[in-house]
Amino acid sequence: MTVSIFYNIPSPSSSSLSSFSCSSSCFLSIASSSIPFSNPKKPIQLSLSHTSASLSDMDVISSPGLYPLHRCKTLHLVRHAQGVHNVEGEKDHAAYLSESLFDAHLTPLGWQQVDHLRKHIHETGLSKKIELVIVSPLLRTMQTAVGVFGSEGYKDGIDVPPLMVENAGESNRPAISSLNCPPFVAVELCREHLGVHPCDRRKSISEYRLVFPAIDFSLIASDEDNLWEANSREKNEEVAVRGIKFLNWLWTRKEREIAIVTHSGFLYHTLSVFGNDCHPSVKSEICTQILYLYIMDRISPGPNGIVLWADFLC
């Protein structure tokens, strides 16, 4: 499959500027070569719960292979724009434990990042290629998804429900139309680390349906969030297992070009499963957090933020 990653980068301090600096509207390609990518050999049966799952449970081919184009999918992986929890967590990591950050919404800077990415996908024609948008059912990811891939402002009298109602999640934004858009489907498998941090706990699906009427929540079994536990944080390895289950599920979909709006932790731990049969430099381009920090320390995005776009041809 082909994977494109859109990664929103927060503004670093002025002391971190270097030759990597660029304007707030540009996109930095950090990988454009062919990268061997191990595909799951067969679907695996895993439950979405706090278990002692390990990566050894995964049946994965370790050698690169060639696949007919008609058997491939293109996945566009989007990390949500800046949320209020990101801002507070950068000031004090203990803030992630605050109930005031429950189901965190986007900041004004986050919405500017959404606007930049929306402009980019329309200018490149990508908006016309996306057949399906998969989104983690948390406020910040759904705001990012509908803002980037949704239609223009919603108008009364249009016989389709809006993707997002006006001012949803303290956005101070007009309603967003679902007219002429791909379907949006909420999926629990691509959520952020489960447990402990209130910012990663979702509201009830009943509440979400009122503010995101055109998002399909039918694949979510429970109205309440019974996956998040106050005293137990999902292990990194369990996130990776969940990520592989999510990728296997994607193969059951008929769509070939899919956008996935999710979280940095989920992306990192899922992608870390791959690339072990590649050169270490290639492996680092796929998933390492050190690379993310390297980029974050050396790009000056200006006041409006920047989106990091990395392409992996698999």
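What part of the accessible area of the range 68-129, given as a whole %, is carbon or sulfur when the probe is 1.4 angstrom? The computed percentage sits at 56.
Calculated FRET efficiency, S284 and V160, Cβ-Cβ r, R0 45 Å, to nearest 0.05? Using R0 = 45 Å, I get an efficiency of 0.55. The convex hull of the Cα atoms of the range 191-251, projected and averaged over all directions, covers 4.8 nm². To make sure I understand the rule: partners must be aspartates and glutamates, Cα under 12 Å from the Cα of K203, and not fewer than 8 residues away in the same chain. Which ones qualify? Straight-distance partners of K203: D103, D223, E224, D225. Label-to-label distance for S100 and V87 is 1.2 nm, based on points extended 7 Å past Cα in the beta-carbon direction. With all protein chains in place and a 1.4 Å probe, the accessible surface of the range 203-284 carries 51 percent carbon and sulfur. Surface exposure of the range 64-188, expressed per residue as accessible area with a 1.4 Å probe, stands at 46 Å².
The values are calculated or read from the model by the stated rules, or taken from the named source; none is laboratory data. Because the structure is a prediction, the values reported are computed rather than measured. Cβ coordinates were reconstructed from backbone atoms using ideal geometry, including for glycine residues, and neighbour counts include every protein chain displayed. Just the protein is used for accessible areas: all its heavy atoms, side chains included, with ligands, DNA and RNA removed. Shrake-Rupley method; radii C 1.70, N 1.55, O 1.52, S 1.80 Å.
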